[in-house]
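The values are calculated or read from the model by the stated rules, or taken from the named source; none is laboratory data. The structure presented is a predicted model; accordingly, all values stated were derived computationally and were not measured. All Cβ positions, glycine included, derive from the backbone under ideal geometry; neighbour counts span all protein chains shown. Each accessible area value is taken on the protein alone, full model and side chains, heavy atoms only, with ligands, DNA and RNA left out. Shrake-Rupley method; radii C 1.70, N 1.55, O 1.52, S 1.80 Å.
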Amino acid sequence: MFRKVHLYLTALCAGITTAILIVMSLLYLYLSEKELYENQFRSFQNDINTIATSLEQQSVISMEWLSKMEARGGYTFYALDNGIPFLYNRLTNLSESSEIRGLLENCLEIYRNNYADSYVSDTDGSTPFNTCVHTEFPYNPTGRQHEYYISIIELNRGTSSMQLLVLSPLDFLREQITRQRVRFFLIDIAALLLLTLFSFFFTGKLLQPVIESRKKQTEFVAAASHELRTPLAVILSAAECCRDAEAEKQSRFLDTIRQEGDILTSLVNDMLALSASDTQRFTCRPAPVELDTLLINTYEAFEPLAAEKKLSLSVTLPEESLPLCTADADRIVQLLSILLHNAVSYTPEGGRIGLSLSHKKNRFYLTVSDTGIGILPEDRKKIFDRFYRAEKSRSAKGHFGLGLSIASEIVRLHHGTISVADRPGGGSVFTVILP
């Protein structure tokens, strides 16, 4: 299931980012190409201004000058003197190229129909004595955009007139734009591959906590089922034996059922507490509390149980007055009860258990130490996991490996830390640090 989700998320992430990249690329290409054509048209107009100014200043138009101007800009010239083609036109390839010749004539026709009447005339309708005007416009004979830029330069001197048609093909600019499009296409393809790889690893990282959570849930259900099976089996067996047993034996079987029911209730309550933690319903209601009072109350509650097991239970408090701690009193008592219950369960007769409180640098230190069997170094990182029990040290009946998990959640809610270390001379020391 997670593999399919991983692939779907990869496709979704890569698809969205690629779509955004393509849209941005197309927008950039559109703006870039528009600016390139506008810059080219402005450059063409500037060249025409230069040609028109030079043309106006010359009394004689030489073929050498025309050839020089034509070669400098990569243009094609077509000159008319009073409507008669220049000799220059006949000496160039224009006389041999009917296609270019027809193209230029079409441009002249467009000029006469659309632009020639826009120039200022004298009051009698004639053209001014000495004028030089020019008009630039795009020309697309095949219907495609941006094929040619055309300029018509009209020079009038007295009764004579000269027209110079300048044709600027845009083949080079179109090739430049084509290369730019190909580059962007290749960049987008490479980006698609890189984004797909990135999305694959990124979504894999995102799914990792979900996979781990699912794995832990599966392990939790399996472990819970295993733990629930034992007391239920004992209860069912005892109930079956009660049916035909004598009154005295029935009483013992009923005691067994009650004992296993208590164990079952404790396990279910622990599981509900951890379930509430997973769903953010394991609440904490902090308020100013006196931790030394909580320690004394917990000590008094566990003193009879310790005495029953012939254990020495002591509490150590600082002599100076302690500031109030902002914490949930009920949760702190639950935390201390878990730690003391474990200490009582895993400490042999004649052992010692210590409960202490100290305050240093705006932090409270709660410690529960015992002279029990201790915890192996390789087990210390795992004892706060759910249903984890070391082979030897945590196999007591009634302990399901959930207490320390609940204790860890309580400490986390209070933004504190909990750790375990060896006690000098044997045993363990649990230390809780609260801000």
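Evaluate the following for residue 397: is it under 18 Å from residue 305 (Cα atoms), at pLDDT below 80 and out of contact with any Asp or Glu (no Cβ under 8 Å at 6 or more places or on another chain)? I'd like the intermediate steps shown before the answer.
On the way: under 18 Å from residue 305 (Cα atoms): yes; at pLDDT below 80: yes; out of contact with any Asp or Glu (no Cβ under 8 Å at 6 or more places or on another chain): yes.
The answer is yes for residue 397.
Among the residues making up the range 411-429, those that are in contact with a helix residue (DSSP H, G or I) (Cβ under 8 Å, 6 or more places away or on another chain) and closer than 14 Å to residue 364 by Cβ are 411, 414, 417, 418. Of 316, 326, all but one fail to be of a type in the set (Val, Ile, Thr), open to solvent by 70 Å² or more (accessible area, probe 1.4 Å) and touching a Pro at 6+ places or on another chain (Cβ under 9 Å); the exception is 326. Restrict the check to the range 206-215 and report whether at least one residue is in contact with a Phe, Trp or Tyr (Cβ under 7 Å, 6 or more places away or on another chain), farther than 25 Å from residue 402 by Cβ and modelled with pLDDT of 70 or more. Yes: one or more hits. For the range 359-368, filtering for residues that are open to solvent by less than 40 Å² (accessible area, probe 1.4 Å) and out of contact with any helix residue (DSSP H, G or I) (no Cβ under 8 Å at 6 or more places or on another chain) leaves 1. Considering only the range 98-143, state which residues are at pLDDT 70 or above and charged (D, E, K, R). Answer for the range 98-143, where residues must be at pLDDT 70 or above and charged (D, E, K, R): 105, 109, 112, 136.
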